[in-house]
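Student: Before I ask anything, let me first share the structure, which is written out below as structure tokens.
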Amino acid sequence: MAALQELREYVREISELGAAAALAAWDQRTQMPEKGAEARAKVVGRLERLSFERTISSRMGELLAAAEREPGESEVDRALVRVWKRDYTRHRAIPPDLYQKFVETTTRAETVWEKAKAASDFAMFRPHLAEVVGLVREIAKLIGFKESPYDAMVEEFEPGMTVATLRPLLGDLRKELVAFLKELGRGTPPRELPAGDFSLDAQRAFCREALQWIGYDFAAGRLDDSVHPFTMGIAPGDVRVTNRYQASEPFSALFGALHEGGHALYGQGNDPALAWTGLTGGASFGIHESQSRFWENQIGRSLPFWRFAQPHLARHVPSLAQTKPEDIWRHVNRAQPSLIRVEADEVTYNLHICLRFELEVELLEGRLDVAALPERWNRAMVDYLGVTPPDDRRGVLQDVHWSGGMFGYFPSYTLGNLYAAQITEAAEREIPRFWDKVQTGQLTPIREWLRENVHRHGRVYLPEELVKRVTGSGLSAEPFLRYVRAKYGEVYGL
Ligand code: CO
């Protein structure tokens, strides 16, 4: 028991350093004056370095070895050793010189990527991306893997996930979605609502109210403006969200608020006993994303939700007072193949992810040359979505991830969508009169169910175990496919 106690005290220090770094980073993105940028970057860098050094220290190695010799009784004790040992082992595998080279190369590559994207010039970015891919392959080899170097990378975001699982899952999903898109093409697309000029303050007030509906605790967080919406769990009792607003339409801000609110409820719902152990947060990036997608899409884009929300929207935005809930529901459920991932709807979004997954696996396995990337990208866009990127800016250069060496991250987005549909089916079974509750705005029992089944566990369970506990079965694309077929089939009158 003494060993575990010592480990707990040691990781508490790391977690406190992490909280200070998170607060400094939150301020950097919301409040900091422009001239503070340089000093702030140094402070954040220093705090991160201090916690990183502790994560891989020989002291950490001793504490983990001792804790393994006298393992704890509880699931929390076992998870404590598991998560810290994973970080320790992964990071120790990479020599400091190589890590430094990786940081320098990706920092440079990101700067070049920005310019290359603006100029739509892949050739400018190509040598840098080739260098990043080379380093990622080297790192994957050092971390180790059984089948694919991709496995070593995806593990960072989705513990336990492998190419062997993802390939058939995403391959089948792609085939089904491509076929379903063709079907939708024979349906009647919903009418768009007329554009307008919507007050930003009214939108802010509406989003604040929506966060209250879903049970976001403003005494344990706050809502601010930022260029890109994000959620930051700073410390126990302090999980903050940001949002952005556009005058041309009020729905993207609302869905942004529900999305980030969903992430934040996860952090706010963590068991207080997990504080400062490193076990707060979510089981994986995909499970975290499932909580944002649950509120944004499963609830926020449902007809019962709009029957409840329309009168409230009308209060804040009187110009929409005459718009029927059904018309809003149709408007926010249009499916249209497009070039840009972040603007994609629920049906086409996952196809953008399937494409990126296939290409990044081939890159890491050494079966695809960086030079051939734009051509492969453009061909897949035609095959999957029926659209042709007119230039690389709206094609292979659109996402920042690869320039930063973030390979293996994209599947988490799709896994989030799949888990969200699985969790919704479980909630429908277990919460009496689920959709009646949504339609009357009684969202608290739903939030409580999520807290009990998902949020309070933090990182204690691996994603696979958690999904089995919540839904009774393992990861599957079927609930998501049932969901999009039913909803979009109705919207498009199929
Ligand atoms: Co998200």
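Student: Calculate, in nm to one decimal, what Lys468 and Arg191 gain on full extension: separation in residues at 0.36 nm each, minus their alpha carbon distance.
Tutor: Separation in residues times 0.36 nm, less the Cα-Cα distance, equals 95.7 nm.
Student: How big is the Kirkwood radius of region 83-179, worked out from every pair of different alpha carbons and given in Å to one decimal?
Tutor: Numbers: mean 1/r = 0.0643 Å⁻¹.
Result for region 83-179, one decimal place: 15.6 Å.
Student: For a quick check of your reading of the filter: which trypsin sites (Lys or Arg not before Pro) in region 141-194 sit in a DSSP loop and have no more than 13 other Cβ atoms within 10 Å?
Tutor: Loop-located and lightly packed - Lys146, Arg186, Arg191.
Student: For the chain, what is the number of Lys pairs with C-alpha distance below 23 angstrom, counting only pairs 8 or more positions apart or on separate chains?
Tutor: Count of close lysine pairs: 10.
Student: Also, quick follow-up: Counting Lys +1, Arg +1, Asp -1, Glu -1, what net charge surrounds Val400 among other residues with beta carbon under 10 Å of its beta carbon?
Tutor: Taking every Cβ under 10 Å from that of Val400, the sum is -2.
Student: Give the residue list of GluC sites (Glu not before Pro) in region 12-77 that are DSSP loop and have at most 13 other beta-carbon atoms within 10 angstrom.
Tutor: Listed in order of number, the matching sites are Glu73.
Student: Continuing with this model, one more query. Counting only C-alpha contacts under 8 Å and six or more residues apart, can you give the relative contact order of the chain as a whole percent? Display every interim value, and only then the final one.
Tutor: Numbers: 693 pairs, mean separation 101.0, N = 494.
Worked out over the chain, it gives 20 percent.
Student: Additional query: How many nm separate the modelled label positions at Asp217 and Gln246, each set 7 Å beyond the Cα in the direction of the Cβ?
Tutor: Distance between label points: 3.4 nm.
Student: At Arg208 and Ala39, where each label point lies 7 Å from the Cα along Cα→Cβ, what is the point-to-point distance in nanometres?
Tutor: The answer from the label model is 3.1 nm.
Student: Taking region 163-491, how much of its Cα-Cα pair set, in percent, is spaced more than 38 angstrom apart?
Tutor: Of all Cα-Cα distances in region 163-491, 13 percent exceed 38 Å.
Student: Taking a probe of 1.4 angstrom, what is the accessible area of Cys354 in Å², to the nearest 10?
Tutor: Rounded to the nearest 10, the figure is 0 Å².
Student: Which of rounded, prolate or oblate describes region 108-237 when judged by the alpha-carbon gyration tensor and an a/c cut-off of 1.5?
Tutor: prolate
Student: Would you calculate the separation in nanometres between label points at Arg12 and Glu183, each defined as 7 Å from the Cα along the Cα-to-beta-carbon direction?
Tutor: 5.6
Student: Got a sec to turn the phi values of region 233-246 into Karplus ³J(HN,Hα) couplings, 6.51 cos²θ - 1.76 cosθ + 1.60 with θ = phi - 60°, whole Hz, x for Gly and Pro?
Tutor: Going residue by residue, I get x, 8, 6, x, x, 8, 10, 9, 10, 10, 8, 10, 10, 10 Hz, with x marking Gly and Pro.
Student: Taking only complete DSSP H runs, can you tell me which helices of the chain stretch 15 Å or more along their own long axis by Cα positions and average at least -0.5 on the Kyte-Doolittle scale?
Tutor: Both cut-offs are met by 2-30, 58-69, 122-143, 163-184, 200-214, 251-268, 303-316, 346-364, 411-430.
Student: For region 275-349, which chymotrypsin sites (Phe, Trp or Tyr not before Pro) are in a loop by DSSP, counting at most 11 other Cβ atoms within 10 Å?
Tutor: Taking region 275-349 and a limit of 11 other Cβ atoms within 10 Å, no loop chymotrypsin sites (Phe, Trp or Tyr not before Pro) are found.
Student: From the helices alone, meaning DSSP H stretches of at least four residues, give me the mean residue ellipticity at 222 nm for the chain, per-run term -39500 (n - 2.57), in deg cm²/dmol to the nearest 500.
Tutor: Calculated from helices alone, the mean residue ellipticity at 222 nm is -20500 deg cm²/dmol.
The values are calculated or read from the model by the stated rules, or taken from the named source; none is laboratory data. On a predicted model such as this, the values are computed, not experimentally measured, just so you know. For neighbour counting, all protein chains shown are included, and Cβ atoms are generated from backbone atoms with ideal geometry for every residue, glycine included. The area values use the complete protein model at the heavy-atom level, side chains included, leaving out ligands, DNA and RNA. Shrake-Rupley method; radii C 1.70, N 1.55, O 1.52, S 1.80 Å.
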